[in-house]
Number of protein chains: 2
Amino acid sequence: MKQSLMILSGGMDSVTMLHDFKWAIGMAVTFTYGANSNPREIQWARYHCRQLGIELVEIDLSFIGRHFNSSLLQGADAIPEGTYSDDNIRSTVVPFRNGIMLSVAAGLAESRGMKRIMIANHAGDHSIYPDCRPEFIQSMAQAIGEGTYVPIEVFAPYTHLTKVEIAERGKKLGIDYSQTYSCYKGGEIHCGKCATCIERRHAIAAAGITDPTVYRD
Amino acid sequence: MKQSLMILSGGMDSVTMLHDFKWAIGMAVTFTYGANSNPREIQWARYHCRQLGIELVEIDLSFIGRHFNSSLLQGADAIPEGTYSDDNIRSTVVPFRNGIMLSVAAGLAESRGMKRIMIANHAGDHSIYPDCRPEFIQSMAQAIGEGTYVPIEVFAPYTHLTKVEIAERGKKLGIDYSQTYSCYKGGEIHCGKCATCIERRHAIAAAGITDPTVYRD
């Protein structure tokens, strides 16, 4: 039985994981929370779930956009340009976003009789986003196991993979990365200058994939 | 500075804590999630925050009512009658509710520069609700500390108190418990037969308070 519920954004990492583990995934959940990229990402989340015949639950966390503080929630102009190693990228942190998404996914999984939740955090995120680090995922897994009636497990198989390694898996799986969306600015065309566009572009190239993405820059 | 953000429902326990720790609480957050009791509880959450001059943030988690499985979300007729020790009370569990509320509170606290979140779980909840137990609160505190940029602390000072002891604190503080709401059925008048009405009634009586609550039964 497919007893895993996966958190899916519609970006490169989670779309790769969805295909990579489709044999284990019985359901996916996607969140809209006021991020610039949400309206475009969700189209791809829906597309890949349709392709694979996986039920997708869409959950509205728009209180994040209204009450939380992050440049990711404030329109394209607020997004800094540069790589993840730059200090200014800290403004893109959405406080405890993965904690919130994992918690909601845990409650949904328990409600629907699933045994496991999956998330596509990876090694490239760690330095800037505290809620992507292995220590956090491990503590959160323990809290979720203790706080659910029939203990729900957390499975984060890309925690120690780099984005390049994820793209290499995607290459083997034959994923067309034009059917994913990454840009923090949320425009129709990827900006090519924000941290996630830079990382995406590098990973796809380093994996030896001819990048199908159109970048503005 | 008042650097604590408290999760407030408008029930006995959280209203008592709000008054008990008003010197430390800079902000409160209340959640509506489709529970029968929400519309009446929130009136008291607003009332007590107004009285104490504490900002109240109201957050809509109505996806819980739509997607989660619990008798608490299914109207008054679905609510079992009896005490917390009965097997049928398990149906009132809202999967991982405290995990979700703590996660959202953590993100909100970080966004608003608060240092600490507070929750009014207590000893009477432990046996039935896994997300009220001390082990859960401790693991969740660790996850929240690791997953936030400037680590947010979790403070749950009633974890080891019984509901009777909470009512005794309320008595000393002069709290009028008719200005709180508990009933799982959500009616205008407390039913007196559901687990939380039974527990409320017993705690108020055992603390030596003349119960101001009107019960149907």
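The values are calculated or read from the model by the stated rules, or taken from the named source; none is laboratory data. Here the structure is a predicted model, which is why all the values come from computation and not from measurement. Ideal geometry is used to build each Cβ from the backbone, glycine not excepted, and the neighbour counts take in all protein chains shown.
What is the residue count in segment A:108-149 for residues that are in contact with a helix residue (DSSP H, G or I) (Cβ under 8 Å, 6 or more places away or on another chain), within 7 Å of chain B (Cβ to nearest Cβ) and in contact (Cβ under 8 Å) with a residue 40 or more places away in the chain?
The total comes to 5.
Filter segment A:170-195 for residues that are among the polar types (S, T, N, Q) and touching a residue at least 60 places away in the same chain (Cβ under 8 Å) and give the result.
Hits for segment A:170-195 are A:179, A:180, A:182.
Considering only segment A:1-77, give the helices (runs of 4 or more DSSP H) lying wholly within it that have at least 1 residues that are at pLDDT 95 or above and in contact with a His (Cβ under 8 Å, 6 or more places away or on another chain).
Values: elements: A:12-20, A:38-52, A:63-67.
In segment A:1-77, the matching helices (runs of 4 or more DSSP H) lie at A:12-20, A:38-52.
Do the conditions hold for residue B:25, that is, is it under 17 Å from the mean Cα position of the chain (by Cα) and within 12 Å of chain A (Cβ to nearest Cβ)? So that I can check it myself, show each step before the final result.
Numbers: under 17 Å from the mean Cα position of the chain (by Cα): yes; within 12 Å of chain A (Cβ to nearest Cβ): no.
Against the criterion (under 17 Å from the mean Cα position of the chain (by Cα) and within 12 Å of chain A (Cβ to nearest Cβ)), residue B:25 does not qualify.
Among what's in segment B:30-69 and is aromatic (Phe, Trp, Tyr) and more than 9 Å from every other protein chain (Cβ to nearest Cβ), pick the residue that is surrounded by the most Cβ atoms within 10 Å (Cβ to Cβ). Explain how you work it out, then say what you get.
First, pick out the residues of segment B:30-69 that are aromatic (Phe, Trp, Tyr): B:31, B:33, B:44, B:47, B:63, B:68.
Subsequent filtering for residues that are more than 9 Å from every other protein chain (Cβ to nearest Cβ) retains B:31, B:33, B:44, B:47.
Details: B:31: 25, B:33: 22, B:44: 21, B:47: 15.
So, considering only residues that are aromatic (Phe, Trp, Tyr) and more than 9 Å from every other protein chain (Cβ to nearest Cβ), the one surrounded by the most Cβ atoms within 10 Å (Cβ to Cβ) is B:31.
Looking at residue A:164 and the list (1) at pLDDT 95 or above; (2) under 30 Å from residue B:65 (Cβ atoms), which single condition is not satisfied?
It is condition (2) that residue A:164 fails.
Scan segment B:160-172 and give yes if some residue there is within 14 Å of chain A (Cβ to nearest Cβ), under 21 Å from residue B:28 (Cα atoms) and not aromatic (Phe, Trp, Tyr), otherwise no. Outline the logic, then answer.
Filtering segment B:160-172 down to residues within 14 Å of chain A (Cβ to nearest Cβ) leaves none.
There is no residue in segment B:160-172 that is within 14 Å of chain A (Cβ to nearest Cβ), under 21 Å from residue B:28 (Cα atoms) and not aromatic (Phe, Trp, Tyr).
Between A:180, A:162, which is polar (S, T, N, Q) and closer than 11 Å to residue A:12 by Cα?
On the way: A:162 fails: closer than 11 Å to residue A:12 by Cα.
Being polar (S, T, N, Q) and closer than 11 Å to residue A:12 by Cα holds for just one of A:180, A:162, which is A:180.
Does residue A:53 count as free of Cβ contacts under 8 Å to residues at least 12 places away in the same chain and at positive phi? I'd like the intermediate steps shown before the answer.
On the way: free of Cβ contacts under 8 Å to residues at least 12 places away in the same chain: yes; at positive phi: yes.
Against the criterion (free of Cβ contacts under 8 Å to residues at least 12 places away in the same chain and at positive phi), residue A:53 qualifies.
Hey, could you check segment A:101-158 for residues that are in a loop (DSSP other than H, G, I, E, B) and in contact with a His (Cβ under 7 Å, 6 or more places away or on another chain) and say which is surrounded by the fewest Cβ atoms within 10 Å (Cβ to Cβ)?
Within segment A:101-158, the first condition is being in a loop (DSSP other than H, G, I, E, B), and the residues that meet it are A:112-115, A:119-122, A:126-129, A:133, A:148-152, A:156-158.
Within this subset, residues satisfying the condition of being in contact with a His (Cβ under 7 Å, 6 or more places away or on another chain) are A:133, A:158.
Working: A:133: 19, A:158: 23.
Ranking the qualifying residues of segment A:101-158, first place goes to A:133.
Quick check: is even one residue across segment A:78-90 free of Cβ contacts under 8 Å to residues at least 60 places away in the same chain, within 14 Å of chain B (Cβ to nearest Cβ), surrounded by 18 or more Cβ atoms within 10 Å (Cβ to Cβ) and of a type outside the set (Phe, Trp, Tyr)?
First pass over segment A:78-90, keeping only residues free of Cβ contacts under 8 Å to residues at least 60 places away in the same chain: A:78, A:85, A:87-88, A:90.
In the following step, the residues that additionally are within 14 Å of chain B (Cβ to nearest Cβ) were identified as A:87, A:90.
Filter once more, keeping what is surrounded by 18 or more Cβ atoms within 10 Å (Cβ to Cβ): none.
Within segment A:78-90 (the criterion being free of Cβ contacts under 8 Å to residues at least 60 places away in the same chain, within 14 Å of chain B (Cβ to nearest Cβ), surrounded by 18 or more Cβ atoms within 10 Å (Cβ to Cβ) and of a type outside the set (Phe, Trp, Tyr)), the answer is no, since none of the residues qualifies.
So, in segment A:10-23, of the ones that are surrounded by fewer than 24 Cβ atoms within 10 Å (Cβ to Cβ) and touching a residue at least 60 places away in the same chain (Cβ under 8 Å), which residue ends up nearest to residue A:58 (Cα to Cα)?
A:11
Just wondering, is there one or more residues in segment A:55-66 that are under 13 Å from residue A:180 (Cβ atoms) and in contact with a helix residue (DSSP H, G or I) (Cβ under 9 Å, 6 or more places away or on another chain)? Quick ask: steps written out before the conclusion?
Within segment A:55-66, the first condition is being under 13 Å from residue A:180 (Cβ atoms), and the residues that meet it are none.
Among the residues of segment A:55-66, not one is under 13 Å from residue A:180 (Cβ atoms) and in contact with a helix residue (DSSP H, G or I) (Cβ under 9 Å, 6 or more places away or on another chain), which makes the answer no.
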